[in-house]
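**Student:** Please see the structure below; I have some questions.
The values are calculated or read from the model by the stated rules, or taken from the named source; none is laboratory data. As the structure is a prediction and not an experimental result, all values here were calculated from the model. Cβ placement follows ideal geometry from the backbone for every residue including glycine, while neighbour counts extend to all protein chains displayed.
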Amino acid sequence: MLIVALAQTSSSSSAAVILNYVFYLIFIGLFFVLSMPGIGQRFQMSFAIRDIEGKLSMLEKFANDSKVSTENLLKEKGAKDPKGLTERLAEIFTIDPVNVEPTDIIPRMRLLLRTTENKVRDLITMSAPGIDNISRSKIEMSAEVTNALNMVYKIVRHYLITAKKLNNIFLVYQLQMVVPQLVKQAEAYVKAQKTFIKGIPIGDSFGPMVASRFLMKAETKREVSRDTVAGEVYFEGRKLTVIKAKGPMATVGTPGEAVAKVVEENQGKVARIITVDAALRLEGEKTGSIAEGTGVAMGDPGPEKIEIERIAVKYGIPIDALISKMSIEEAITEMRKEIYDAVEPMVEMVKQLIRERTREGDHIVIVGVGNTIGVAQ
């Protein structure tokens with residue numbers, strides 16, 4: 001029995017040694033194969049492409065789901081051919097004005113942006129006659145999200161196909177590094193669309209919410225420019241003209257035009273312009289934290305922001321910026337408690353700034369910048 005056991009043990013040891021040698025030879029063989037020019041690179045490129053294709057499938061799903069959401073919203077409002085209209089809205093684009101010669105670029109940019117806005121608005125109104133402004137604004141924002149997601153998906157797909165055609169591993173690597181960030185942004189857009197459809201305030205509604213705290217005390221309010229309201233209130237002997245987008249629609253209004261109009265109406269006799277807005281926070285900064293600065297707090301392509309700067313320069317009016325910090329996802333999705341809790345402290349900060357930098361009898365313009373969805377006046 002002992003001899004048999006020893007024999008079996010010796011046989012098992014020999015098999016193990018042979019198996020180790022086999023694995024060793026396979027490893028050496030793979031090492032040499034992968035070390036050959038081009039072969040290792042092809043394997044790496046293949047793995048990277050597979051990774052990108054997985055992310056691209058996610059982007060495609062986001063884009064398609066967003067189209068379905070917009071289509072359903074149009075169906076609810078009795079729109080004609082909701083599927084066709086959704087596809088049309090998903091492909092709408094705006095070409096930037098010529099910037100080689102920057103003279104009058106702002107009026108040209110304003111015209112192009114306003115033309116696009118009017119086009120989308122008219123398409124929705126013609127498809128669903130009699131639709132109310134709030135519902136229409138929700139569809140506009142939903143269509144904007146659909147358009148953005150569709151564009152991101154198509155761009156990533158374009159570069160992936162191009163990299164495959166050219167067999168360009170460097171283009172694949174660059175795409176692989178960028179795609180995860182694009183997927184994260186796309187996820188934020190998907191959440192944003194759901195929030196807009198519900199009609200509840202988002203993080204970017206911070207500025208309008210601060211303005212609404214003052215406007216609640218205004219006896220009368222007027223539409224001073226497109227989708228933008230203004231009202232007058234008094235605070236410790238000072239006249240305040242408070243401006244915000246017209247709520248509770250999903251719109252940012254035209255605050256630049258509104259400020260310029262108010263200042264001109266008062267022949268430039270404005271002591272200070274105070275802008276309140278949401279701003280992107282840096283990693284490590286606390287959501288909802290507030291800060292004070294100088295300039296126009298506004299995430300605008302240019303036309304609205306420059307209107308305030310120009311009118312301020314014309315009459316020598318100082319401009320203050322007050323911001324609440326948040327991430328891009330927090331800015332475009334349902335308002336978080338930390339941001340809402342910063343509204344009252346910001347109102348007090350505005351009052352403190354007025355006390356410190358103006359005198360009794362002064363006229364101050366306060367602008368609550370941002371999307372006013374779910375925030376009335």
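**Student:** Inspect segment 344-352 for any residue being of a type outside the set (Phe, Trp, Tyr), at pLDDT below 95 and closer than 25 Å to Gly199 by Cα and give the result as yes or no.
**Tutor:** Scanning segment 344-352, I find no residue that is of a type outside the set (Phe, Trp, Tyr), at pLDDT below 95 and closer than 25 Å to Gly199 by Cα, so the answer is no.
**Student:** Hey, another quick one. Would you mind stating whether Ala250 is assigned by TED's automatic domain parsing to the domain that holds Glu330, modelled with pLDDT under 95, assigned to a loop (DSSP other than H, G, I, E, B) and in contact with a helix residue (DSSP H, G or I) (Cβ under 9 Å, 6 or more places away or on another chain)?
**Tutor:** Details: assigned by TED's automatic domain parsing to the domain that holds Glu330: yes; modelled with pLDDT under 95: yes; assigned to a loop (DSSP other than H, G, I, E, B): yes; in contact with a helix residue (DSSP H, G or I) (Cβ under 9 Å, 6 or more places away or on another chain): yes.
In short, yes.
**Student:** Taking Val178 and the conditions (1) out of contact with any Leu (no Cβ under 8 Å at 6 or more places or on another chain); (2) under 30 Å from Ala376 (Cβ atoms); (3) of a type in the set (A, V, I, L, M, F, W, C), which numbered condition does it fall short on, given that it satisfies the others?
**Tutor:** All conditions are met except number (2).
**Student:** Continuing with the same structure: Ile124 - would you say it is surrounded by 15 or more Cβ atoms within 10 Å (Cβ to Cβ) and assigned to a helix (DSSP H, G or I)?
**Tutor:** The answer is yes for Ile124.
**Student:** Which of (1) at pLDDT below 95; (2) over 16 Å from the mean Cα position of the chain (by Cα); (3) under 20 Å from Arg110 (Cβ atoms) is the odd one out, the single condition Glu264 does not satisfy?
**Tutor:** Checking Glu264 against (1) at pLDDT below 95; (2) over 16 Å from the mean Cα position of the chain (by Cα); (3) under 20 Å from Arg110 (Cβ atoms), the one that fails is (1).
**Student:** Given the criteria surrounded by 22 or more Cβ atoms within 10 Å (Cβ to Cβ), within 20 Å of Ile323 (Cα to Cα) and within 20 Å of the chain's Cα centre (by Cα), does Ala250 qualify? Walk me through how you get there before you give the answer.
**Tutor:** On the way: surrounded by 22 or more Cβ atoms within 10 Å (Cβ to Cβ): yes; within 20 Å of Ile323 (Cα to Cα): no; within 20 Å of the chain's Cα centre (by Cα): yes.
Spelling it out, it is not the case that Ala250 is surrounded by 22 or more Cβ atoms within 10 Å (Cβ to Cβ), within 20 Å of Ile323 (Cα to Cα) and within 20 Å of the chain's Cα centre (by Cα).
**Student:** Exactly one of these conditions fails for Ile354: (1) in contact with a helix residue (DSSP H, G or I) (Cβ under 7 Å, 6 or more places away or on another chain); (2) buried (at least 18 other Cβ atoms within 10 Å of the Cβ). Give me its number.
**Tutor:** Only one criterion in (1) in contact with a helix residue (DSSP H, G or I) (Cβ under 7 Å, 6 or more places away or on another chain); (2) buried (at least 18 other Cβ atoms within 10 Å of the Cβ) is unmet by Ile354, namely (1).
**Student:** Separate question: Being in a helix (DSSP H, G or I) and out of contact with any Ser or Thr (no Cβ under 6 Å at 6 or more places or on another chain) narrows it down to one residue among Ile354, Ile317; which is it?
**Tutor:** Every option except Ile354 fails the conditions.
**Student:** Condition test on Met298, is it within 17 Å of the chain's Cα centre (by Cα) and of a type in the set (A, V, I, L, M)?
**Tutor:** yes
**Student:** To continue, here is another question. Does segment 278-301 include one or more residues that are assigned to a loop (DSSP other than H, G, I, E, B), modelled with pLDDT of 95 or more, in contact with a His (Cβ under 9 Å, 6 or more places away or on another chain) and not basic (Lys, Arg)?
**Tutor:** No: segment 278-301 contains no residue that is assigned to a loop (DSSP other than H, G, I, E, B), modelled with pLDDT of 95 or more, in contact with a His (Cβ under 9 Å, 6 or more places away or on another chain) and not basic (Lys, Arg).
**Student:** Restricting to segment 83-106, and then to whatever is in contact (Cβ under 8 Å) with a residue 40 or more places away in the chain and not hydrophobic (A, V, I, L, M, F, W, C), can you tell me which residue is surrounded by the fewest Cβ atoms within 10 Å (Cβ to Cβ)?
**Tutor:** Glu91
**Student:** With respect to Arg222, is the statement that it is farther than 20 Å from Ala297 by Cα and without any contact (Cβ under 8 Å) to a residue 12 or more places away in the chain true?
**Tutor:** Considered against the rule, which asks whether it is farther than 20 Å from Ala297 by Cα and without any contact (Cβ under 8 Å) to a residue 12 or more places away in the chain, Arg222 comes out as yes.
**Student:** Take the residues in segment 199-231 that are among the aliphatic types (A, V, I, L, M) and outside any loop (DSSP other than H, G, I, E, B); name whichever of them is farthest from Thr287 (Cα to Cα).
**Tutor:** Selected residue: Val224.
**Student:** Still on this structure, please answer the following. Please enumerate the residues belonging to segment 288-305 that are of a type outside the set (A, V, I, L, M, F, W, C), surrounded by fewer than 17 Cβ atoms within 10 Å (Cβ to Cβ) and over 30 Å from Arg114 (Cα atoms).
**Tutor:** If the condition is that a residue be of a type outside the set (A, V, I, L, M, F, W, C), surrounded by fewer than 17 Cβ atoms within 10 Å (Cβ to Cβ) and over 30 Å from Arg114 (Cα atoms), then Ser289, Glu292 are the ones that fit.
**Student:** Does segment 179-197 contain any residue that is of a type in the set (Phe, Trp, Tyr), in contact (Cβ under 8 Å) with a residue 40 or more places away in the chain, buried (at least 21 other Cβ atoms within 10 Å of the Cβ) and part of a helix (DSSP H, G or I)?
**Tutor:** Keep residues of segment 179-197 that are of a type in the set (Phe, Trp, Tyr), which gives 189, 196.
Now drop any that are not in contact (Cβ under 8 Å) with a residue 40 or more places away in the chain, which leaves 189, 196.
Imposing the further condition that a residue be buried (at least 21 other Cβ atoms within 10 Å of the Cβ) reduces the set to 189, 196.
The next check asks that each one be part of a helix (DSSP H, G or I); those that pass are 189, 196.
Yes - at least one qualifying residue is present in segment 179-197.
**Student:** I've got another one for you. Which one of Lys67, Lys61, Lys80 is assigned by TED's automatic domain parsing to the domain that holds Ile161, among the basic types (Lys, Arg) and loosely packed, with under 13 Cβ neighbours inside 10 Å? Don't jump to the end; show me each part of the working.
**Tutor:** Details: Lys67 fails: loosely packed, with under 13 Cβ neighbours inside 10 Å; Lys61 fails: loosely packed, with under 13 Cβ neighbours inside 10 Å.
Going through Lys67, Lys61, Lys80 in turn, the sole match is Lys80.
**Student:** Let me ask something else. Could you please tell me which pairs satisfy a Cβ distance under 7 Å, a separation of 6+ or placement on different chains, a first residue in segment 143-170 that is closer than 18 Å to Lys67 by Cα and touching a residue at least 24 places away in the same chain (Cβ under 8 Å), and a second residue that is among the acidic types (Asp, Glu) and surrounded by fewer than 21 Cβ atoms within 10 Å (Cβ to Cβ)?
**Tutor:** Matching pairs, first to second residue: Tyr153/Glu60.
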